[in-house]
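Only one structure is covered here, and it is reproduced in the block below.
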Amino acid sequence: MKAPQLAALTLALAAAFPGAAQAQSNEELLKELRALRDRVTQLENRLKAAESKPAPRQPQWGMTPQQVQDFNRIAVKTEALEDAQEAQGYKGLKISGYMEPAYIYNKAQNRAGFQFINNVGDDGYNYDNSYFGTAAIEFLKETESGTRYKLTLSPNRGTDAVIGNGGFVQEASISVPLGNLQTRMIAGHIPDWSGYEFLQPTLNKLITHNLLFDFTLPTAYTGAGIELTRGKWLSKAMLANMNASKNAAGEKAPVLAYRIDYARGEFKGFGFAGVHGKAANLVGGTRNTALDLFEIDGYFIRGDWTVQGQFSYGQQKQASITPDPVTGELRSAKWMGLSALAAYKLTPRLELIARADYLKNNKNGGGLLGYGSDVRNGIGPEVLGRDAMSGDLVYGDTEKGVNRTALSLGMGYAYDLNTSFKLEYRLDRANAAVFEDVKDGSFRKSNSVFGASMVVKF
């Protein structure tokens, strides 16, 4: 300590402790001051040494240094896993699926039993042999650019099985953004998008589908088109083969299929769809004939109530069941139909459902999209019986087809987030005898079907 500083410190101590300063000799006072100087010097050295050392790292986000190290190790492992997933093609991949084992009783067919992934070609595409009893798995992958790949497989129940190819592909499609995610090119094999009922049993409230879904709408499209999202509007259109993975020899023209939806929020909206062009004529022969289909549908949800409805109109040239009685030429088949569904939730898990359908099909002996006379589904003119010798059907007035109605009453119970149960009673009627009772070979105006199913999804 320098002399001026020592003198100042001496004066300060003398002022603070006047009695002590007088009592001590100068030598003793000097000794104490030197000891104080040494302590001060030691303190200065310690402070300088502390300042020369790096400051300890501050805790990160309130974590201790050990926790920071653990966090860093986890981050490195996570990045490695993400890199491995991307290298193996799992990044952006979602896998889902469902199963619906079903029990069906059909009065006119005189049979009851379980139906599960049975081939629709065993006895035709029937209203008690629709898409229930299915098992499906879906692969959906989306890349960082927004391109989506979708593949849905359903053994014996896929759309290509229904249209006669005997396969198990329900959907195989791609969706590629064109400049932005709201404008996309779509292509591949895509299930029909008409109507208010969905193909998947996880989205369909009842077990069976309505008359319009089963008999007046296309099954699938194979082609390419565009999808536009603009505010509350969603529009899509395709040039495609309808109900065919390829055209037959000599056929060149695709159909134009389109769908436009408007959603006013989550709880109400409407849409319309149409198909125009040439499609397979399963009644009149192998050549495609002109086809026009149009339908409009809507939905409304308020509280525990759900209401859905649909109107459909269709016609196809040279597709009537019976020919012109004078010229013998096939005439156009024409039809129109209505379907309405109402559902009410008694509890958050238990829902009651009622659906009513009407199908006007009396023009030129009847005829629907791909259907001729069908005594199991109740399509065609009145049937008086079968010829005793040949077994051929004997018709009444062949100029008129029957008009059809159907009433379905059911309930759905959501057991948990992945499992639900369904019950349904369905009464089908026609305005003339057209349902064959296999027990005695008679023909009746009505038929009854009862169904129960369990839907499990993941």
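The values are calculated or read from the model by the stated rules, or taken from the named source; none is laboratory data. Note that the structure is a prediction, hence the values are computed from the model and not measured. Cβ: placed from backbone, ideal geometry, glycine included. Neighbour counts: every protein chain shown. SASA here: full protein model, heavy atoms, side chains in, ligands and nucleic acids out. Shrake-Rupley method; radii C 1.70, N 1.55, O 1.52, S 1.80 Å.
Considering the stretch 1-79, the qualifying helices (runs of 4 or more DSSP H), each wholly inside and each with 2 or more residues that are more than 30 Å from Lys91 (Cα to Cα), over 60 Å from the mean Cα position of the chain (by Cα) and modelled with pLDDT of 55 or more, run over 26-52.
Condition first: part of a strand (DSSP E or B) and open to solvent by 70 Å² or more (accessible area, probe 1.4 Å). Now tell me which residues in the stretch 385-411 satisfy that. Of everything in the stretch 385-411, those that are part of a strand (DSSP E or B) and open to solvent by 70 Å² or more (accessible area, probe 1.4 Å) turn out to be Arg386, Tyr395, Leu407, Leu409, Met411. Filtering the stretch 125-147 for residues that are open to solvent by 10 Å² or more (accessible area, probe 1.4 Å), at pLDDT 95 or above, within 18 Å of Ala220 (Cα to Cα) and assigned to a loop (DSSP other than H, G, I, E, B) leaves an empty set.
Tell me whether the stretch 203-224 contains one or more residues that are surrounded by fewer than 16 Cβ atoms within 10 Å (Cβ to Cβ) and within 18 Å of the chain's Cα centre (by Cα). Yes, there is a match, as at least one residue in the stretch 203-224 is surrounded by fewer than 16 Cβ atoms within 10 Å (Cβ to Cβ) and within 18 Å of the chain's Cα centre (by Cα).
Please work out if Ala432 is at pLDDT 95 or above and either exposed (fewer than 13 other Cβ atoms within 10 Å of the Cβ) or in a loop (DSSP other than H, G, I, E, B) (or both). Judged against the criteria, Ala432 is a match. Of all the numbered requirements in (1) over 22 Å from the mean Cα position of the chain (by Cα); (2) modelled with pLDDT of 95 or more, Asn247 misses one, and that requirement is (2).
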